[in-house]
């Protein structure tokens, strides 16, 4: 009750009425809010019909069948602040009504329906050519407002005219529809931008995944090559140790034989220096026998020719290297064929090396 009395008191001030009316204008249709008035999450208000028009333009798959809505939800942006409004399956019918604004509209309309004071009447635009005539018609030919006297006697007597109020309502409706279309178009552009931003993020994520995949694949190849390298190196080392052991054994045997021969020579020389013939003959016979036995045992064992060569461990990697250089992005089937070819080449090379490793 106190609110109504204060409101009516404020209505006595013309400037207050103008300011109030601006607050009650829908940003879509540019008219006083038509009930029901809904309140958005951003606290701005819209006629439910206008909100529904914008919502349907932004969500073409949404259907309105009387009081029954068929939708999986949608979204649109507030025309006042561009805040995104997310709706459930009920669409705009799921938003709350602003009963306070509706009550203010009722009081405003009841007060403004009274006859306007003379001062308000004088504020209406007057014709420049006929100062006492109000501008009350619209010239469709010249596309400008004018007065009745201009139509009858003035420059618009041969033009087609229509009531100013009719054209006013028509153009306001057209402008409201254009605003709704523009708002819906802005929402679609914003949705497209969001979609493109999602695509950019997905491109980056997918590229990162594929680069990690490629890195893992090459790490696997590195691991295979390192394993094969260690295996081949180990086989070379084993044969090296085997040959070195054999040759060093021969060196020890021949060294022992040489040492024994040197000692025997020293003994024989000492025997030859004996001045007494009887003593010489007794010792020389035994020394001679040892020299004879040593000479017979001097059949020195040798290694065969080329024993030191390790050339049979040569690795032929030209074909495998060509396959590795030819690695490129392929379809799944092509990649499988290439992998089988690489595996076949590696297997063939390994078998070839195994056969050569058995050579003396």
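So, in region 27-79, exactly how many residues are in contact with a strand residue (DSSP E or B) (Cβ under 9 Å, 6 or more places away or on another chain) and modelled with pLDDT under 70?
9
Just to be sure before I move on: is residue 224 assigned to a helix (DSSP H, G or I), out of contact with any helix residue (DSSP H, G or I) (no Cβ under 7 Å at 6 or more places or on another chain), touching a residue at least 60 places away in the same chain (Cβ under 8 Å) and at negative phi in the structure I sent?
yes
Examine region 276-285 for a residue that is exposed (fewer than 11 other Cβ atoms within 10 Å of the Cβ) and in a loop (DSSP other than H, G, I, E, B), and state whether such a residue exists.
yes
If I filter region 83-95 down to residues being at pLDDT 85 or above and part of a loop (DSSP other than H, G, I, E, B), which single residue comes out as nearest to residue 39 (Cα to Cα)?
Out of the qualifying residues, it is 95.
Would you mind stating whether residue 151 is under 30 Å from residue 129 (Cβ atoms), at pLDDT below 90, over 48 Å from the mean Cα position of the chain (by Cα) and part of a helix (DSSP H, G or I)?
yes
Checking residue 125 against (1) more than 27 Å from residue 19 (Cα to Cα); (2) modelled with pLDDT under 85; (3) surrounded by 11 or more Cβ atoms within 10 Å (Cβ to Cβ), which test does it fail?
It is condition (1) that residue 125 fails.
Out of the residues in region 158-214 that are surrounded by 13 or more Cβ atoms within 10 Å (Cβ to Cβ) and over 27 Å from residue 47 (Cβ atoms), state the one that is farthest from the chain's Cα centre (by Cα).
Per the stated criteria, the residue is 159.
Looking only at region 309-325, decide whether some residue is at negative phi, modelled with pLDDT under 70 and part of a helix (DSSP H, G or I).
No, every residue in region 309-325 fails to be at negative phi, modelled with pLDDT under 70 and part of a helix (DSSP H, G or I).
The values are calculated or read from the model by the stated rules, or taken from the named source; none is laboratory data. What you see is a predicted model; the values in this text were computed from it and never measured. FYI the Cβ positions are ideal-geometry reconstructions off the backbone, even for glycines, and counts take in every protein chain you see.
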